[in-house]
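**Q** To start, I am sharing the structure in question, which I have written as structure tokens.
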Amino acid sequence: MIEQDFSFRKFEEKARLLVPHLLLLVLLGLNITALPFFTAGAMKPQMVLMAVYYWAIYRPTLLPPAFCFAIGLLMDVLTGMTPGINALILVLTQWGIREQRRFLMGQPYSTIWLVFGIVALASMLVQWALYGLVHMHWGPVMPALTGALVTMFLFPFVTLLLVMTHRILPVASRPFT
Amino acid sequence: MKLSSRSKSKARIISLQWWGARAAPFIFVLLAVLIFMFSAAAPTTLEGVRMRTTDMFSPVLAAVNKPFYQASEYVRAVSGIAELQAENIRLKQENTRLREWHQTALTLQAENENLQKLLNIKLPPQHSYITARVVADSGNAFAKSLLVTAGSDDGIEAGQAVLAGDGLVGRVIESGHRTARVLLLYDINSRIPVLIQGTNQRAIMAGNNDSLPTLLHLPPEIEIKPGTRVITSGHGGLYPYGLPVGEIARDDHGALVVKPFAMTDRVQMVRVIKTADDVNLRHKTQ
């Protein structure tokens with residue numbers, strides 16, 4: 001009887017841990033799918049970057065570097081970008097933010113938002129520079145800046161969803177055995 | 001001496017601890033850089049893997065896209081009700097005008113056919129189309145491409161021209177079994193041989209990641225009026241002759257550019273021109 005109760009709790013905790021991953025897949029889908037209100041992806045916000053940034057601060061073990069790499073590579077393949085660009089950006093974001101998470105965790109939301117704005121801008125500029133490097137032609141930088149701005153302004157809305165999934169998660173210090 | 005060896009071992013431990021947490025991200029950063037360099041140096045090598053992965057994920061992409069597609073159809077239908085009456089009056093007037101044009105077109109067609117027979121002219125083969133739904137785009141401001149739900153199983157091959165609504169949107173660059181990637185005419189890699197109607201001037205329309213592609217190889221002294229139609233010239237054999245592309249416009253610096261007819265921004269359905277049917281062969285098989 002005790003054995004059954006124990007495995008049910010374990011299953012429930014694993015299921016709860018799956019929720020942020022499912023949300024990440026939804027955000028990935030939104031990032032890739034053709035939306036009728038964003039002009040051919042030109043101003044599409046970087047939804048996956050938002051999730052990677054958030055979890056790197058509040059639950060870094062949830063999206064480890066290997067997971068960020070795999071998601072980034074999948075994004076590259078499905079969007080027709082040169083493979084490696086998004087994988088590099090997501091792993092670097094996860095790494096950099098994880099290094100600074102102790103500082104960021106003690107900051108108000110406005111600082112978290114501002115730092116995300118810098119991350120989104122840096123991500124867009126890295127994409128712009130690397131894509132230009134592949135084709136030896138650097139296009140106008142303005143769409144990249146607009147994309148970063150849209151990403152920054154939509155961050156609070158996606159944060160709400162991420163906070164909701166965060167509340168579902170089991171406490172990190174609790175043993176999962 | 002003893003102190004020195006202790007500090008050395010301490011430094012080594014710190015170094016190992018430092019690396020312990022950073023080894024995984026460092027390895028994945030290195031791996032991403034290597035994949036990027038490899039893909040940049042040999043872009044076609046990973047093409048097969050890319051299309052197989054895209055084929056695998058196409059049902060998921062179509063499922064994610066479906067509610068947005070239906071929502072946009074619904075919004076279009078609802079917002080259209082208010083304008084329906086005005087549009088109905090306009091369409092009736094247009095229909096009367098078009099009936100007159102239809103009679104003229106029939107007369108001209110018969111005349112054209114008679115002259116063609118008289119001259120024994122060899123016409124270019126006719127086209128047939130495959131209609132496909134757009135399920136994904138590049139999702140960024142740099143690569144301008146679309147993913148459509150039709151592939152080699154439906155007769156789609158790399159190089160085929162793609163139309164949407166009023167004009168050309170690009171060409172197929174990769175084709176999997178169930179999906180194909182379309183390079184839009186805005187992309188910096190797009191080069192389309194075009195003909196400026198009325199002047200018979202040929203040029204290359206080059207994408208610049210902006211909404212107005214530029215025209216290359218035009219004589220500097222040439223004068224073309226804005227609004228002049230631009231069509232595909234058919235040179236190089238990739239695009240068939242006569243596909244509507246856009247009209248001449250001028251950019252902020254006064255340079256000649258092309259304003260495409262097709263609204264690629266919110267395109268949901270495209271028509272891929274299938275490998276040309278030979279009219280003579282078709283007559284023989286019938």
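The values are calculated or read from the model by the stated rules, or taken from the named source; none is laboratory data. Predicted, not measured: the structure shown is a model, and the values here were computed from it. Every residue, glycine as well, gets a Cβ built from its backbone with ideal geometry; the counts of neighbours run over all protein chains shown.
**Q** Would you check if B:Thr107 is exposed (fewer than 12 other Cβ atoms within 10 Å of the Cβ), among the polar types (S, T, N, Q) and at pLDDT 80 or above?
**A** Against the criterion (exposed (fewer than 12 other Cβ atoms within 10 Å of the Cβ), among the polar types (S, T, N, Q) and at pLDDT 80 or above), B:Thr107 qualifies.
**Q** Okay, moving on. Hey, does region B:27-37 have a residue that's among the β-branched types (Val, Ile, Thr), in a helix (DSSP H, G or I), touching a residue at least 12 places away in the same chain (Cβ under 8 Å) and surrounded by 15 or more Cβ atoms within 10 Å (Cβ to Cβ)?
**A** Within region B:27-37, not a single residue is among the β-branched types (Val, Ile, Thr), in a helix (DSSP H, G or I), touching a residue at least 12 places away in the same chain (Cβ under 8 Å) and surrounded by 15 or more Cβ atoms within 10 Å (Cβ to Cβ).
**Q** I would also like to ask the following. Just to check your reading of the model, which residue among B:Thr179, B:Thr228 is farther than 30 Å from B:Asp55 by Cβ and in contact with an Asp or Glu (Cβ under 8 Å, 6 or more places away or on another chain)?
**A** None of the other options fit; the residue is B:Thr228.
**Q** Looking at (1) in contact with a helix residue (DSSP H, G or I) (Cβ under 9 Å, 6 or more places away or on another chain); (2) within 11 Å of chain A (Cβ to nearest Cβ); (3) among the β-branched types (Val, Ile, Thr), find the lone condition where B:Ile121 falls short.
**A** Evaluating B:Ile121 over (1) in contact with a helix residue (DSSP H, G or I) (Cβ under 9 Å, 6 or more places away or on another chain); (2) within 11 Å of chain A (Cβ to nearest Cβ); (3) among the β-branched types (Val, Ile, Thr) leaves (2) as the failure.
**Q** Which of (1) β-branched (Val, Ile, Thr); (2) at pLDDT below 90; (3) closer than 23 Å to A:Met105 by Cα does A:Ile57 not meet, given it meets every other one?
**A** Result: A:Ile57 passes all but (2).
**Q** Could I ask something else about it? So for region B:122-140 (the condition being free of Cβ contacts under 8 Å to residues at least 24 places away in the same chain, over 28 Å from B:Glu247 (Cα atoms) and either of a type in the set (Lys, Arg) or outside the structural domain of B:Leu238 (by TED's automatic domain parsing) (or both)), does at least one residue qualify?
**A** Checked against the condition, which is being free of Cβ contacts under 8 Å to residues at least 24 places away in the same chain, over 28 Å from B:Glu247 (Cα atoms) and either of a type in the set (Lys, Arg) or outside the structural domain of B:Leu238 (by TED's automatic domain parsing) (or both), region B:122-140 yields at least one hit.
Residues are listed down the side, and each one gets a yes or a no for (1) surrounded by fewer than 18 Cβ atoms within 10 Å (Cβ to Cβ); (2) farther than 26 Å from A:Pro156 by Cβ; (3) of a type outside the set (Phe, Trp, Tyr):
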| residue | (1), (2), (3) |
| --- | --- |
| A:Asp76 | no, yes, yes |
| A:Gly84 | no, yes, yes |
| A:Arg101 | yes, no, yes |
| A:Gln107 | yes, no, yes |
| A:Val119 | no, no, yes |
| A:Leu125 | yes, no, yes |
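**Q** Here's another thing I want to ask about it. Take the conditions part of a strand (DSSP E or B) and within 7 Å of chain A (Cβ to nearest Cβ) and apply them to B:Ala136. Does it pass?
**A** When the stated conditions are applied, B:Ala136 passes them.
**Q** If you go through region B:166-181 one residue at a time, how many are more than 14 Å from every other protein chain (Cβ to nearest Cβ) and more than 17 Å from B:Val60 (Cβ to Cβ)?
**A** Of the residues in region B:166-181, 3 are more than 14 Å from every other protein chain (Cβ to nearest Cβ) and more than 17 Å from B:Val60 (Cβ to Cβ).
**Q** Can you report the number of residues in region B:160-177 which are more than 19 Å from B:Leu46 (Cβ to Cβ) and not in a strand (DSSP E or B)?
**A** 3
**Q** On the given criteria, is B:Gly198 without any contact (Cβ under 8 Å) to a residue 60 or more places away in the chain and within 21 Å of B:His235 (Cα to Cα)?
**A** Criteria met by B:Gly198.
**Q** Then there is this: Please verify whether B:Ala62 is more than 8 Å from chain A (Cβ to nearest Cβ), of a type in the set (A, V, I, L, M) and under 30 Å from A:Pro65 (Cα atoms), treating the condition exactly as stated.
**A** Yes; evaluated as a whole, the condition is true for this residue.
Residue-by-condition table, conditions (1) buried (at least 24 other Cβ atoms within 10 Å of the Cβ); (2) in contact (Cβ under 8 Å) with a residue 40 or more places away in the chain; (3) facing chain B (nearest Cβ under 7 Å):
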| site | (1), (2), (3) |
| --- | --- |
| A:Ala51 | yes, yes, no |
| A:Ala70 | no, no, no |
| A:Trp95 | no, no, yes |
| A:Leu104 | no, yes, no |
